[in-house]
Amino acid sequence: MTEQQNPNKPLIVNDATVDEEKSQAPATPKTFDAIRGELLEKRNAIDLEAVQAESTQDKLKSLLPDFQAQLGAEAEPIAGSQGRATPKATPVEYRRKFDFGKVTFSRSLKGFFKLIFLRLIPLCGILWLLAAGTAYVLAPTDEAVSNADAIIVVPGTTLASVEKGLALYKENKAMFIMVVGLNDKNPLKASITDLVNKQGIPSEKLILETTSAEPHENAIYAEKIAETRKFTSIILVAPSYHQRYAYLSFNGAFRLHQDFSITNDPAPETFWDWKLWWANGEGRAVTFAEVMSIVDGWRMGYF
C-alpha cells in the first residue's frame, strides 16, 4: 500500500533544494524604462567628469603665463584633448620648483651672512687679539731713562739691537755700553766688533762679553760684570721679539741685587712686528720659538 503524505506533517527542505529551485526559475526580464534609466545615469556621470576635467584644464591654462614669466622659460606645448595646448609640467609643479629654489637660495644666503658675521668675523677678531697680545707680551717697552749706569745689548740675528744700543749711548742715556754673547760661535761676532770699534767709543766705556753662548747665560755673565762695576741700573736692548725672554733672564740673574732697575728698550726688526708677525714665515717661527723658550725657562728655573 502506497504511503500517503500527511498534510499535518511539516515539509523538510534543505538549502540545496532551494538553490536548485532558484536556478531553475526563469529570470525576470528588465523593462525598457529600467534599462533607459541606467543608461541615463551612466551618461550623466560621464558628462560630469568631462565638465570637471575641462574646467580644471582651463584654470591651469590661465595660470600658466604667470609661472612662465617667473621662470623665464616657455613650456613646451603638447597636443591635448579638443586641440588645446597643455604645458609640459603642471603649474603646481612649476610653482613647487620655483618656491623650492627661492627658499633654498634665501636660506643659503641667510646662512652665508650668518656664518660671516656671527662666526668668521668674531673668530678672526679673537685670533688677531690673541696673536697681537702674544707678540705685545714678547716686546715690553718702558719709559726711557737718561741716567742709567750701562746699556746692555743682546744681539739677535741682525745688527738691529747693536745699532739701537749705540744710538742710545750717543744720546748719553748711560755711561757704559756692554755687548753680550760675542762668543766664537756667534756668526755676527766679527760684524758687531767692527761696528762697535768704528764708533770711537773709549775702551774703558766699552765692554764686550765673549763667554756666554746661551740666552740665559748672557744674563749670568752680565750680572758678574755689573757686580764688579757696581752697576745699579741698566737699559736692556734686545730684538723686539726676544725682549721679554731677555728681561726675564736678567731679572732672574739680578734678583739678589737690591734696588736694581732694568729698563726695557727693544730694537725693532724689519721681519717682525707685534701686530703682523703672523704674516710671514720668519715672524711666525721666531714668535713660536720665543714662546717655547719662555716656557722652558720657567720650567728650568732661569727666571
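The values are calculated or read from the model by the stated rules, or taken from the named source; none is laboratory data. What you are looking at is a predicted structure, and each value in this text was computed from that prediction instead of being measured. A quick note on method: Cβ atoms are made from the backbone with ideal geometry, for glycine too, and the neighbour counts reach across all protein chains shown.
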Quiz item: Quick one: would you say Y302 is hydroxyl-bearing (S, T, Y), assigned to a loop (DSSP other than H, G, I, E, B) and buried (at least 16 other Cβ atoms within 10 Å of the Cβ)?
Solution: yes
Exercise. Would you mind telling me which numbered condition in (1) closer than 17 Å to I262 by Cβ; (2) surrounded by fewer than 21 Cβ atoms within 10 Å (Cβ to Cβ); (3) touching a helix residue (DSSP H, G or I) at 6+ places or on another chain (Cβ under 9 Å) N147 fails?
Key: (3)
Quiz item: Of the residues P215, P239, P140, which is under 29 Å from F288 (Cα atoms), in contact with a Lys or Arg (Cβ under 7 Å, 6 or more places away or on another chain) and not aliphatic (A, V, I, L, M)?
Solution: P140
Self-check item: Filter pass, Y169 being more than 23 Å from V137 (Cα to Cα), buried (at least 20 other Cβ atoms within 10 Å of the Cβ) and touching a residue at least 12 places away in the same chain (Cβ under 8 Å)
Solution: yes
Quiz item: Looking only at the range 207-264, which residues are among the charged types (D, E, K, R) and at negative phi?
Solution: E209, E214, E217, E223, K224, E227, R229, R244, R255
Practice problem: Provide a single number: the residues in the range 267-290 that are of a type in the set (A, V, I, L, M) and more than 24 Å from the chain's Cα centre (by Cα). | Solution: 3
Exercise. State whether the residues of the range 158-166 include one that is outside any helix (DSSP H, G or I), farther than 16 Å from Y221 by Cβ and of a type in the set (K, R).
Key: no
Exercise. Looking at (1) under 28 Å from E171 (Cα atoms); (2) touching a strand residue (DSSP E or B) at 6+ places or on another chain (Cβ under 6 Å); (3) modelled with pLDDT under 95; (4) buried (at least 18 other Cβ atoms within 10 Å of the Cβ), find the lone condition where V196 falls short.
Key: (2)
Quiz item: What about F288, is it assigned to a helix (DSSP H, G or I), modelled with pLDDT under 95 and over 14 Å from V154 (Cβ atoms)?
Solution: yes
Quiz item: Does any residue in the range 267-295 that is surrounded by fewer than 18 Cβ atoms within 10 Å (Cβ to Cβ) come within less than 6 Å, Cβ to Cβ, of a residue that is of a type outside the set (V, I, T) and not in a helix (DSSP H, G or I) six or more places away or on a different chain, and which pairs are these?
Solution: E282/F271
